[in-house]
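Shown next, in C-alpha cells, is the structure this report addresses.
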Amino acid sequence: MKASARPRLAGRRGKKWSQRVTQTSNALDLEAKVFKLRSARAVAASLRRSALRSRRRKATAYQSAMSMLNFYINRAGKGLSRSQRRVLEGAKGELRKMFGRDGAPVRSGRSRR
C-alpha cells in the first residue's frame, strides 16, 4: 500500500475550520445566529445589513452576502434540516430582490470559446 501524501492527525482539534470562517470571516461581521433564523427574509436582511456595514469586504456587498450564504449552505451539508435548508435557499431569492438583482445569470464581458 502507498502511504498518503499528508500525515493524518491523531484526532480533531476542537471546532471545524468552516465554523471559524463563519465566526471570524474577513468579509463580513455576521449577526449572532443569523443562519438559525426561521424566515428567509430575516436571514437575507441580516446578511444585507452585515455586508453594507462591513469595511473589510473585497467584493460588492451583494457578492459578499451571497458568498457567505452559499458557503454556509455548502459547508453545513447533511447537517441542515430540510426546513432550514428551504429557509436558506429562499434567502438567496430574497437577497437578489433586496439588492435589485433579477436572478438572471450575469455574463462577463469575455466571450466563451
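Figure legend. Inter-residue proximity from the range 47-68: first residues surrounded by fewer than 18 Cβ atoms within 10 Å (Cβ to Cβ) and modelled with pLDDT under 90, second residues hydroxyl-bearing (Ser, Thr, Tyr) and part of a loop (DSSP other than H, G, I, E, B), beta-carbon distance below 9 Å, spacing 6+ or different chains. Indicated pairs: ARG56/SER25.
If you go through the range 1-46 and keep only what is part of a helix (DSSP H, G or I) and either modelled with pLDDT of 90 or more or touching a Gly at 6+ places or on another chain (Cβ under 6 Å) (or both), you end up with VAL34, PHE35, LYS36, ALA40, ARG41, ALA42, VAL43, ALA44, ALA45, SER46.
The values are calculated or read from the model by the stated rules, or taken from the named source; none is laboratory data. None of these values were measured; they are calculated from a predicted model. Note: ideal-geometry Cβ built from the backbone for every residue, glycine included; neighbour counts use all protein chains shown.
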